[in-house]
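The values are calculated or read from the model by the stated rules, or taken from the named source; none is laboratory data. This one's a predicted model, so the numbers in the text were calculated from it and none came from an experiment. Virtual Cβ from ideal backbone geometry, glycine too; neighbours counted across all protein chains shown.
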Amino acid sequence: MTRKNSSAEKSIGYWARVDLRDSQKPWDATIIEIDEDTGKKTKHKLSLDKLLDGFRVAATKYPQHFADWAKQDYDGATADVIVQCAIFGEIKYG
C-alpha cells in the first residue's frame with residue numbers, strides 16, 4: 001500500500017522533505033530541510049507538542065494564517081506557515 005502525500009508535505013516541498021519511516025503518525029515526523037544554495041540537509045524532529053507550538057506561534061505572529069485555519073479556509077500556504085512556525089518559530093521560507 002502506498003501512502004499519499006499530505007497537503008502539508010506538498011506545501012513544504014520547496015524547502016524540505018518529510019521522512020515518516022520511523023513514524024506511525026504524520027505529526028511525528030522528521031522534516032529534512034534542504035539548503036537550496038549548498039544542498040546541505042538539516043533534520044528537524046516534528047512532534048505533536050512542536051506542532052501545537054506552531055499553531056500558537058502562528059496565532060501570535062501570523063494571525064491571518066491562523067484565522068484561515070480556524071475557519072477551515074486554509075490551503076497549502078497555511079500548512080507551510082504552521083510547519084515553519086513549529087520548526088523555526090517563524091516563517092523562514094516564502
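A few comments on the model shown:
- Taken together, the residues in the stretch 49-94 that are assigned to a loop (DSSP other than H, G, I, E, B) and either at pLDDT below 90 or surrounded by fewer than 12 Cβ atoms within 10 Å (Cβ to Cβ) (or both) amount to 7.
- Evaluation of Thr42 against (1) surrounded by fewer than 12 Cβ atoms within 10 Å (Cβ to Cβ); (2) at pLDDT below 95 (one fails), failing number: (2)
- When the stretch 15-39 is filtered for residues that are loosely packed, with under 15 Cβ neighbours inside 10 Å, assigned to a loop (DSSP other than H, G, I, E, B) and of a type in the set (D, E, K, R), the ones remaining, listed by number, are Arg21, Asp22, Lys25, Asp35, Glu36, Asp37.
- The stretch 47-77, residues that are in contact with a Phe, Trp or Tyr (Cβ under 6 Å, 6 or more places away or on another chain) and in contact (Cβ under 8 Å) with a residue 24 or more places away in the chain: Leu51, Ala58
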